[in-house]
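Colleague: The structure that follows is given in the form of structure tokens.
The values are calculated or read from the model by the stated rules, or taken from the named source; none is laboratory data. This structure is a prediction, so every number in the text was calculated from the model and none was measured. Neighbour counts are summed over all protein chains in view; Cβ atoms, including those assigned to glycine, are modelled from backbone coordinates with ideal geometry. Ligands, DNA and RNA are excluded from the accessible area calculation, which covers all protein heavy atoms including side chains. Shrake-Rupley method; radii C 1.70, N 1.55, O 1.52, S 1.80 Å.
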Amino acid sequence: MSTARPVRGRAPVLVGLACACLTTSVFATPLSEAFSQGTASLSLRLRHESAEQDNGLRRAQANGLRHRLGLTTGDWHGFSATLESEGTIALGEERYNSGPGGNGHSEYSVIADPTGNELNQGYLSYAAGAGTLLRVGRQRIIFDNARFVGNVGWRQNEQTYDAVLLKTAAADNLTLQYAYLGNVNRIFFDNVDLDGHLVNLKASVAPSLSATLYGYFLDFMSGEDSQTLGLRLAGSRPLSGMTLSYSAEFARQGDYADSENLEADYLAGEIGLARGPLSAALGLELLGSDGNRGFSTPLATLHKFNGFADLFLATPADGLQDVYARLGYQLGKWKLLAFYHQFAADAGSRDYGDEVDFVAVYKHSKSQSLGFKYADYAAQDFGVDTRKLTLDLNYSF
């Protein structure tokens, strides 16, 4: 069983700064009122997940419980502090491979939910006027749709960052976010040191259209460095009693720090229609290749994209083309979704395979929900046939 790990690399600088500020500001006697106005939180997720692959590995089954306990102080002259612990435990026998550095059960398929405990978040915030927020310490960061920067919230242990985050909306219809990343706390209860600079500028250019310019500059202490520059357009508008939604995005990835000869493009587009409880969408996502490696998104919430069977968490060397359709229906407190993906290489003519996904979520209240997810990947020229099933029970207060 994994246990909490020591904080390494640049993490002590960021977390230490937050803790020092917390000690001198929050625990001082004049600030006792901030504690009395603070709030506590608890969330629990009970999960069963199974994975079956046609590759000789044994069928994996995981039963586990994730718990989060947090405390956020009240406001004191714009300052507040947050501490949040997170832990995962296995219920019953661990008949699954929990991934790198995990339980070592390599005879089973991977279900990437290792057991352990850690400080999930620990930061000091300062809220200034004109919609400006400064946050220092270990924190959850999600930019846009989490395609490039996310928290991997699907897995039991989420991804957080030791970072400095500045967000300001001082100008009308304009929001700027900048983050310096010193460490990524990954889902495997390990961490990765880096010098990362994230810049994200979002503007409302029309009532039905927003534009986001971004630049993400990642220098890993061990790993593949890159710079990614991109533009995302998204919006929606009424159309003949329906709602038309649309998005388009382009990004180019190139050399940064120690990387050499990297040049790959990203292209995505989606158009959707919704009327009453029914919705449908068609989309394309293309992660290009430079001939040696595919376009990478190492900080993304990867499970959200390219099928829930998780065959494409790392982009193949020949790149990835994902043509997909989505159908949704809201039935009372039930939200039902169905997906179809067709996968192919960007370079060459390989047909990777296709996948069908189903999702059903029953939201009893803001604090209670039940979820079901099923993924069925049929392999052609990539991976093996894979089937995954997940049942979730969520409770928070």
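Colleague: Give the peptides 154-164, 95-105 in descending order of average Cβ contacts within 10 Å, highest first. Write down the numbers at each step before the final one.
Modeller: Numbers: 154-164: 24.0, 95-105: 18.8.
Averaged packing, sorted descending, gives the order 154-164, 95-105.
Colleague: Within the accessible area of segment 252-323, what % is carbon and sulfur when the probe is 1.4 Å and the other protein chains stay in place? Walk me through the intermediate numbers first.
Modeller: Details: 1730 of 3200 Å².
Percent of accessible area from carbon and sulfur atoms in segment 252-323: 54.
Colleague: Oh, and also: For semi-axes √(5λ) of the Cα gyration tensor in Å, several values are listed as (1) 52, 21, 18; (2) 33, 27, 24; (3) 35, 27, 18; flag the one computed from this structure.
Modeller: So the calculated entry is the one marked (2).
Colleague: Take the alpha-carbon centre of segment 339-397, take the same for segment 31-100, and report the distance between them in whole Å.
Modeller: Between the Cα centres of segment 339-397 and segment 31-100 lies a distance of 22 Å.
Colleague: Tell me the per residue accessible area of the chain using a 1.4 Å probe; a whole number in Å² is fine.
Modeller: Details: 18620 Å² over 397 residues.
Result: 47 Å² per residue.
Colleague: Number of Lys pairs in the chain with C-alpha atoms less than 20 angstrom apart, excluding same-chain neighbours closer than eight positions?
Modeller: Taking the chain as the scope, the lysine pair count is 14.
Colleague: While we're here: Where the accessible area of segment 45-98 is counted over protein heavy atoms with a 1.4 Å probe, how much of it, in %, is carbon and sulfur?
Modeller: Numbers: 1330 of 2540 Å².
That fraction is 52 percent.
Colleague: What is the diffusion coefficient of segment 327-368 in µm²/s, taking the Kirkwood radius over Cα pairs and the Stokes-Einstein relation at 10 °C with a viscosity of 1.306 mPa s?
Modeller: Working: Rh = 12.7 Å.
In µm²/s, the coefficient rounds to 125.
Colleague: Then there is this: Tell me the label-point distance for the pair MET221, ASN261, using the 7 Å Cα-to-Cβ offset, in nm and rounded to one decimal.
Modeller: For MET221 paired with ASN261, the spin-label model returns 2.9 nm.
Colleague: If you don't mind, another one. Who wins for biggest fluctuation among ARG275, ARG147, ARG135 in a Gaussian network model of the chain, springs between alpha carbons below 10 Å?
Modeller: Sorting by GNM fluctuation, first place goes to ARG275.
Colleague: If N is the number of residues in segment 166-256, what value comes out of its Cα radius of gyration divided by 2.2 N^0.38 Å? Present the calculation step by step, with values, prior to reporting the outcome.
Modeller: Numbers: Rg = 16.8 Å, N = 91, 2.2 N^0.38 = 12.2 Å.
Here the Cα radius of gyration is 1.38 times the empirical estimate.
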